[in-house]
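First up is the structure itself, then whatever we jot down about it.
The values are calculated or read from the model by the stated rules, or taken from the named source; none is laboratory data. All values reported here derive from a predicted model rather than from experimental measurement. Because the Cβ atoms are built from the backbone with ideal geometry, glycine has one as well, and the counts that use them run over all protein chains shown. Remember, those area values only see protein heavy atoms, side chains included, never the ligands or the DNA or RNA. Shrake-Rupley method; radii C 1.70, N 1.55, O 1.52, S 1.80 Å.
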Amino acid sequence: MGRSKTLYQIQQYNTQIDDSSSRILEINAILIDNDLLIKAQKIRTDAEAVLLGKKKVLTSAETIVGDHSLKIDQNQKKLYSGLVTNPKELEDLQLESESLNKYLSVLEERQLEAMLDMEEAQKEFDAASVEVTSIQTNMDAEHANLLSEKEGLEISISDINAQKESYLSSTEIPDFSTYEALRKSSGGIAVTLMISNSCSSCGANIPSAIAQEARSPTKLAFCPTCKRILHPG
Ligand SMILES: [Zn+2]
């Protein structure tokens, strides 16, 4: 087998392993990224606090209306009990009744406002809860897919590693250290295809003397621009 062909085969194993490994890193990053969920949960917590506050206001408004209604009851009972006969006293009770009723409508108006505010806050909280659930559901589905993809990639990496090991142990590779050094200095791609006398990594035109060397099974040729080993494609 030609020198560049042997190295190109190793390069293909390594590239597949590198691509799968970098996809696994991407997946890990997505799996730990829960910013969206945390933001939605914060909005829900805030909406819940507002809702609790509005509920308290409403409860207090209801209590005030209840207490005031008791006062009106007492006034009415006294007024119509027949026990009070003094006209001045009856007039006072009548005036008090009017004033109590006038104020009751103010208190009821406040209670209604508190009710509307509470309903509004309930809507906000419900919407925030729906959003949290929806984000959580989407995340769960996405994570399940990613975990299964990751599992597939891990299996594929271990398969390719086994193939690579078996290839390395069955083949004489005199240029392996050159290959390894170039992998380090060339971003993982040490061997590149030469297609129509161009380097497929950097696009440089390969002078015909070098292209001829690249096609020779006994020689190694390098791209004059990116320095990678050329393998005729
Ligand atoms: Zn090149």
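Residues considered: T63, T85, T45. Of these, the only one that is modelled with pLDDT under 95 and assigned by TED's automatic domain parsing to the domain that holds I160 is T85. Scanning the stretch 191-231 for residues that are touching a Pro at 6+ places or on another chain (Cβ under 6 Å) and more than 10 Å from the ligand (Cβ to nearest atom) turns up A214, R215.
Kindly evaluate G188 against the criterion of being under 43 Å from the mean Cα position of the chain (by Cα), within 16 Å of the ligand (Cβ to nearest atom) and under 12 Å from Q11 (Cα atoms). So G188 passes the test. Considering the conditions (1) in a helix (DSSP H, G or I); (2) of a type in the set (V, I, T); (3) within 14 Å of the ligand (Cβ to nearest atom), I155 is excluded by exactly one of them, (3). In the stretch 194-205, the residues that are in a loop (DSSP other than H, G, I, E, B) and open to solvent by less than 50 Å² (accessible area, probe 1.4 Å) form Cβ pairs under 8 Å with partners that are within 6 Å of the ligand (Cβ to nearest atom) and of a type in the set (S, T, Y), at six or more places apart or across chains, as follows: A204/T225.
If the condition is being under 12 Å from the mean Cα position of the chain (by Cα) and surrounded by 12 or more Cβ atoms within 10 Å (Cβ to Cβ), then the stretch 133-164 contributes I135, Q136, N138, M139, E142, H143. For the stretch 84-106, the set of residues classified as among the aliphatic types (A, V, I, L, M) and free of Cβ contacts under 8 Å to residues at least 24 places away in the same chain consists of V84, L90, L93, L95, V106, listed by residue number. Within the stretch 70-89, being out of contact with any helix residue (DSSP H, G or I) (no Cβ under 7 Å at 6 or more places or on another chain), of a type in the set (A, V, I, L, M, F, W, C) and either assigned to a helix (DSSP H, G or I) or within 22 Å of L104 (Cβ to Cβ) (or both) holds for one residue alone: L70.
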